[in-house]
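*Asks:* Have a look at this one before I ask anything.
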Protein chains: 2
Amino acid sequence: MQQFLEESKKVSREIATLSGEVKNRVLNEMADALIEHCDYIITQNDKDMQAGKENGLSEALMDRLLLTGERVQGMAQAIKEIAALKDPVGRTLEGWVTENGLNIQKVSIPIGVIGIIYESRPNVTSDTAALCFKSGNVCVLKGGKEAEHSNKAIANVLRNVLTKNKLPEQAISLLPYSNRESVAKLIKQDKLVDLIIPRGGEALIKYICENSSVPVVKHDKGLCHTYIDKNADAKMAIDIALNAKCQRPGVCNAMETLIVHKDVAALMLPALHEAFIEQNTHLKGCEETRKYIEIECATHEDYDTEYLANILNIKVVNTIKEAVEHIAKYGSGHSEAIISENYTAVEYFLNNVDAACVYANASTRFTDGGAFGLGAEVGISTNKLHARGPMGINDLTTYKFKVLGSGQVR
Amino acid sequence: MQQFLEESKKVSREIATLSGEVKNRVLNEMADALIEHCDYIITQNDKDMQAGKENGLSEALMDRLLLTGERVQGMAQAIKEIAALKDPVGRTLEGWVTENGLNIQKVSIPIGVIGIIYESRPNVTSDTAALCFKSGNVCVLKGGKEAEHSNKAIANVLRNVLTKNKLPEQAISLLPYSNRESVAKLIKQDKLVDLIIPRGGEALIKYICENSSVPVVKHDKGLCHTYIDKNADAKMAIDIALNAKCQRPGVCNAMETLIVHKDVAALMLPALHEAFIEQNTHLKGCEETRKYIEIECATHEDYDTEYLANILNIKVVNTIKEAVEHIAKYGSGHSEAIISENYTAVEYFLNNVDAACVYANASTRFTDGGAFGLGAEVGISTNKLHARGPMGINDLTTYKFKVLGSGQVR
């Protein structure tokens, strides 16, 4: 492992200085190669699907694992889109001249070696490999065991393109060991690995955060709220609440709890009740809510649960302050929204709620790289440091200070 | 501990939204209070000095521990300078409007609760408390046991000003337990503490990096190089080399190894030898160097040592590439310099050396917040993520995305 990562580190210095022209040519060739070798990839994917069937994988997981001609086309298209992004390396972030004439430039550079630990979906292999390569980083990929053949096939195709272009194939590596121990070792190599990005279940992320000596940018759970203020536009409030809960309940930026100001409870709750019933949403509510509509009682545990399903808690509050406090207590710092026409209420909410994304009069469902216009998404960070919220390709860079002098000494 | 930090977290939400006006008024009052209570602080410092004498602290440590009227004045002055800085909170870092009309603003906000673990010098207590307060953060300070009375006295004075202004005194806290175990607990509280900044010896920093589940911005060692290229201006090269090594050998941005291109070895080495002898620098050299000047032999261990003393290794290389490789092998990614008049050599060095600060024709001694013009310095980060190199007060903020909509749903 040590030797393998030392090689990665060494190669990272070469990859870091590739020109945008070379990187984009290679990425486009990678996209073409995926399509050219589509049959090989699907044959290898068949092995994983076969094993998955034997191991009794759920239908949802089997669907995530499956590769088809269309899906491989989609992977190729994603790489082409990444190639088309502006080069994130070499941007001057700030620059100034000091009194004594030092010209200081803060310039974006690749991070180095990035370890990515993920589950099931094989397209993550090509997406993250392309994002890392475009940003001048070496990636060490550790996919799920259930997708082993698919991931290997995809990596082989991409690595062959590197070799054909006389670039070190170690720029895109699969971690050569597939047991949990290899992850345990990887996350302790802080001299050789610069960043770990875990994408997966809560247990995996918790384990990595607690044990990694390498910095981690995590994509943790999303427990999101929408607050309907007393000055909300009623129709807008219902539209946004429905969208935030029902458009895709299984994702991290979906709403789990709807908070309603008491002054509009009598007006809003019956209408909301009706609208959600139509969407087959399972509703739970606080005591106050249950005075207006007949639904199940919401418990402390309910407020603390990321349902990832068409279930919603409703809570009535006396003040906006109470809403903000409920969010501080239960929210995961992901995405939180207020619906209000009142300027002061909106400002108060946006400034006092601590979350990666705070919305006024829009659905929390917009928290993602694509919807934000950042291009291909690395993930949605629930870190407070380095990257927060939707991570675009620029977040795969760090910076250095270049200082141009003319003989200055202290 | 849990309860104490829960209180800190709660208070951090209040401190985060204080106006710049309030923060600056309170900071100026803190500066005045330090001067007003100078006698009290010095009396408490006497107790630490007495204990230090009894425990046989070295003269250097005793000097770092000592507070005098002048030093307390200096602490007050530092707080006034921090008050005068531009508010780091609420800066719009980026902003754009998406196709569907969402107005997205990436805005700087306080990090939250910052744990700072440091040693000896009591002025760190007031400096970091002021930097954290100015940036809207709550600090939990854990100073060295040897400065316990001094740190408590300083914190008491600052906290009284908070109370007088009806602000929660928990905004500036000393960790209420002074054993190593309390640090062990602190760095595991990732739900309540947002950032740990260790300032101290290598062992402390290593321990924290390996065990913290809270993100760490560390100030690690500085093993810095200066490379004299074949096209260097000879006089400038000698001036910068002398300054980088001798002006203050005990600091992290001082040079430990001087690298010289073989084409100028015959010209430069005797002159460098003479200049360094005059500064009583203890020189060690590679085999090639020792063909030109009679000095001790430098070993692999020497190249790997941060001397923090007036000792210097000299190494002759055949190419600039070899210089860059030596730096990649032994450098700590802190500050590295090239002296050259050749455009291509300078560009190659600045782009291929991976360090927080890379210099052309200037001394590495400039790596600090003050010299960079960033104002009061939080430290010099050897992290690659979040903050790298000299950390100004802006690095004590993170960001959130504020999204202003008009009813958008997906």
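*Asks:* In region B:355-405, which residues are at the interface with chain A (Cβ under 8 Å from one of its Cβ atoms), crowded, with 23+ Cβ neighbours inside 10 Å and out of contact with any strand residue (DSSP E or B) (no Cβ under 7 Å at 6 or more places or on another chain)?
*Replies:* B:365, B:383
*Asks:* Anything in region A:1-29 that is among the polar types (S, T, N, Q) and not in a helix (DSSP H, G or I)? List them, or say none.
*Replies:* Step one: list which residues in region A:1-29 are among the polar types (S, T, N, Q), which gives A:2-3, A:8, A:12, A:17, A:19, A:24, A:28.
A:17, A:19 - these are the residues of region A:1-29 that are among the polar types (S, T, N, Q) and not in a helix (DSSP H, G or I).
*Asks:* OK, next. Which numbered condition trips up residue B:79, out of (1) farther than 21 Å from residue B:168 by Cα; (2) at pLDDT 95 or above?
*Replies:* Failing condition for residue B:79: (1).
*Asks:* Looking for something over 25 Å from the mean Cα position of the chain (by Cα), touching a residue at least 24 places away in the same chain (Cβ under 8 Å) and more than 22 Å from residue A:246 (Cβ to Cβ) - is there at least one such residue anywhere in region A:348-365?
*Replies:* Residues of region A:348-365 over 25 Å from the mean Cα position of the chain (by Cα): A:348.
Those still in the list that are touching a residue at least 24 places away in the same chain (Cβ under 8 Å) too: A:348.
Retained after the next criterion (residues that are more than 22 Å from residue A:246 (Cβ to Cβ)): A:348.
For region A:348-365, residues over 25 Å from the mean Cα position of the chain (by Cα), touching a residue at least 24 places away in the same chain (Cβ under 8 Å) and more than 22 Å from residue A:246 (Cβ to Cβ): present.
*Asks:* Right, next: Which one is farthest from residue B:404 (Cα to Cα) among residues in region B:95-119 that are buried (at least 22 other Cβ atoms within 10 Å of the Cβ) and away from chain A (no Cβ under 14 Å)?
*Replies:* B:118
*Asks:* Quick check: is even one residue across region A:396-410 hydrophobic (A, V, I, L, M, F, W, C) and under 14 Å from the mean Cα position of the chain (by Cα)?
*Replies:* Restricting attention to region A:396-410, the residues satisfying the condition of being hydrophobic (A, V, I, L, M, F, W, C) are A:396, A:401, A:403-404, A:409.
Filter again for under 14 Å from the mean Cα position of the chain (by Cα), leaving A:396.
Looking for residues that are hydrophobic (A, V, I, L, M, F, W, C) and under 14 Å from the mean Cα position of the chain (by Cα), one finds at least one in region A:396-410, hence yes.
*Asks:* Follow-up question, since we're still on this one. Kindly indicate the residue of region A:286-319 that is among the hydroxyl-bearing types (Ser, Thr, Tyr) and either under 19 Å from residue A:227 (Cβ atoms) or in contact with a helix residue (DSSP H, G or I) (Cβ under 6 Å, 6 or more places away or on another chain) (or both) and also surrounded by the most Cβ atoms within 10 Å (Cβ to Cβ) among those meeting that condition. If you could, list the steps in order and put the result at the bottom.
*Replies:* Within region A:286-319, the first condition is being among the hydroxyl-bearing types (Ser, Thr, Tyr), and the residues that meet it are A:289, A:292, A:299, A:303, A:305, A:307, A:319.
Checking the rest, the ones that are also either under 19 Å from residue A:227 (Cβ atoms) or in contact with a helix residue (DSSP H, G or I) (Cβ under 6 Å, 6 or more places away or on another chain) (or both) come to A:289, A:292, A:303, A:305, A:307, A:319.
Details: A:289: 23, A:292: 19, A:303: 19, A:305: 19, A:307: 19, A:319: 12.
Result: A:289.
*Asks:* Related question: Any idea which of A:50, A:73 is more than 26 Å from residue A:204 (Cβ to Cβ), more than 14 Å from chain B (Cβ to nearest Cβ), assigned to a helix (DSSP H, G or I) and at pLDDT 95 or above? Steps first, answer last, please.
*Replies:* Details: A:50 fails: more than 26 Å from residue A:204 (Cβ to Cβ).
Exactly one of A:50, A:73 is more than 26 Å from residue A:204 (Cβ to Cβ), more than 14 Å from chain B (Cβ to nearest Cβ), assigned to a helix (DSSP H, G or I) and at pLDDT 95 or above, namely A:73.
*Asks:* Right, here's the next one. Do we find that residue A:328 is under 25 Å from residue A:199 (Cα atoms), within 13 Å of chain B (Cβ to nearest Cβ), in a helix (DSSP H, G or I) and modelled with pLDDT of 95 or more in this structure?
*Replies:* Numbers: under 25 Å from residue A:199 (Cα atoms): yes; within 13 Å of chain B (Cβ to nearest Cβ): yes; in a helix (DSSP H, G or I): yes; modelled with pLDDT of 95 or more: yes.
Judged against the criteria, residue A:328 is a match.
*Asks:* When the residues of region B:137-176 are narrowed to those that are in a loop (DSSP other than H, G, I, E, B) and modelled with pLDDT of 95 or more, which ends up farthest from residue B:7 (Cα to Cα)? Walk me through how you get there before you give the answer.
*Replies:* Step one: of region B:137-176, the residues in a loop (DSSP other than H, G, I, E, B) are B:137, B:143-144, B:165-168, B:175-176.
The next check asks that each one be modelled with pLDDT of 95 or more; those that pass are B:137, B:165-168.
Numbers: B:137: 13, B:165: 19, B:166: 16, B:167: 13, B:168: 10 Å.
Across region B:137-176, the extreme among qualifying residues is B:165.
*Asks:* Being over 30 Å from residue A:350 (Cα atoms), within 11 Å of another protein chain (Cβ to nearest Cβ), in a loop (DSSP other than H, G, I, E, B) and modelled with pLDDT of 95 or more narrows it down to one of B:336, B:347, B:341, so name that one. Outline the logic, then answer.
*Replies:* Working: B:336 fails: in a loop (DSSP other than H, G, I, E, B); B:347 fails: in a loop (DSSP other than H, G, I, E, B).
Step by step, each of B:336, B:347, B:341 is checked, and only B:341 is over 30 Å from residue A:350 (Cα atoms), within 11 Å of another protein chain (Cβ to nearest Cβ), in a loop (DSSP other than H, G, I, E, B) and modelled with pLDDT of 95 or more.
*Asks:* Can I ask one more? Please verify whether region A:112-132 includes one or more residues that are assigned by TED's automatic domain parsing to the domain that holds residue A:40, more than 27 Å from residue A:17 (Cβ to Cβ) and touching an Asp or Glu at 6+ places or on another chain (Cβ under 7 Å).
*Replies:* yes
*Asks:* Follow-up. Suppose the filter is more than 14 Å from chain B (Cβ to nearest Cβ), touching a residue at least 40 places away in the same chain (Cβ under 8 Å) and either of a type in the set (A, V, I, L, M, F, W, C) or assigned to a helix (DSSP H, G or I) (or both); does residue A:62 pass it? Break it down into steps so the answer makes sense when it comes.
*Replies:* Details: more than 14 Å from chain B (Cβ to nearest Cβ): yes; touching a residue at least 40 places away in the same chain (Cβ under 8 Å): no; either of a type in the set (A, V, I, L, M, F, W, C) or assigned to a helix (DSSP H, G or I) (or both): yes.
In short, no.
*Asks:* Here's something else I'd like to know. Give me the pairs, please: first residue somewhere in region B:384-410 and on the phi > 0 side of the Ramachandran plot and in contact (Cβ under 8 Å) with a residue 24 or more places away in the chain, second residue anywhere and in a strand (DSSP E or B) and of a type in the set (Phe, Trp, Tyr), beta-carbon distance under 8 Å, and either six or more positions apart or on two chains.
*Replies:* Pairs found: B:389/A:401.
*Asks:* Among the listed residues B:138, B:157, identify the single one that is within 22 Å of residue B:80 (Cβ to Cβ), within 14 Å of another protein chain (Cβ to nearest Cβ) and touching a helix residue (DSSP H, G or I) at 6+ places or on another chain (Cβ under 7 Å). Write out each step before concluding.
*Replies:* Values: B:157 fails: within 14 Å of another protein chain (Cβ to nearest Cβ).
Unique residue meeting the criteria: B:138.
*Asks:* I'd like to check something: does region A:357-373 contain any residue that is closer than 20 Å to residue B:9 by Cβ and not in a helix (DSSP H, G or I)? Let's see the steps before the verdict.
*Replies:* First, the residues of region A:357-373 that are closer than 20 Å to residue B:9 by Cβ: A:358.
Then drop every residue that is not not in a helix (DSSP H, G or I), which leaves A:358.
Looking through region A:357-373, at least one residue is closer than 20 Å to residue B:9 by Cβ and not in a helix (DSSP H, G or I).
*Asks:* Residue B:95 versus (1) assigned to a helix (DSSP H, G or I); (2) more than 16 Å from residue B:119 (Cα to Cα); (3) more than 20 Å from the chain's Cα centre (by Cα): which is the lone unmet condition?
*Replies:* Only one criterion is unmet by residue B:95, namely (1).
*Asks:* Let me ask you something else. Conditions first: (1) in contact (Cβ under 8 Å) with a residue 40 or more places away in the chain; (2) surrounded by fewer than 17 Cβ atoms within 10 Å (Cβ to Cβ); (3) assigned by TED's automatic domain parsing to the domain that holds residue B:363; (4) among the basic types (Lys, Arg). Residue B:185 passes all but one, so which condition is the exception?
*Replies:* In the conditions (1) in contact (Cβ under 8 Å) with a residue 40 or more places away in the chain; (2) surrounded by fewer than 17 Cβ atoms within 10 Å (Cβ to Cβ); (3) assigned by TED's automatic domain parsing to the domain that holds residue B:363; (4) among the basic types (Lys, Arg), residue B:185 misses (3) alone.
*Asks:* Next question, about the same structure. Restricting to region A:253-271, name every residue that is touching a strand residue (DSSP E or B) at 6+ places or on another chain (Cβ under 7 Å) and either away from chain B (no Cβ under 14 Å) or among the polar types (S, T, N, Q) (or both). Working first, answer last.
*Replies:* Going through region A:253-271, the residues touching a strand residue (DSSP E or B) at 6+ places or on another chain (Cβ under 7 Å) turn out to be A:253-262, A:264-265, A:268-269.
If the condition is that a residue be touching a strand residue (DSSP E or B) at 6+ places or on another chain (Cβ under 7 Å) and either away from chain B (no Cβ under 14 Å) or among the polar types (S, T, N, Q) (or both), then A:253, A:256, A:257, A:258, A:259, A:260, A:261, A:262, A:264, A:265, A:268, A:269 are the ones that fit.
*Asks:* Specify the residue that is surrounded by the fewest Cβ atoms within 10 Å (Cβ to Cβ); the eligible residues are those in region B:246-275 that are of a type in the set (Val, Ile, Thr) and under 11 Å from residue B:228 (Cβ atoms). Full working, then the answer.
*Replies:* Filtering region B:246-275 for residues of a type in the set (Val, Ile, Thr) gives B:251, B:257, B:259-260, B:264.
Now restrict to residues that are under 11 Å from residue B:228 (Cβ atoms): B:259-260, B:264.
Values: B:259: 25, B:260: 30, B:264: 17.
For region B:246-275, the residue satisfying everything is B:264.
The values are calculated or read from the model by the stated rules, or taken from the named source; none is laboratory data. Remember, predicted model here, so these are calculated numbers, not experimental data. Cβ coordinates were reconstructed from backbone atoms using ideal geometry, including for glycine residues, and neighbour counts include every protein chain displayed.
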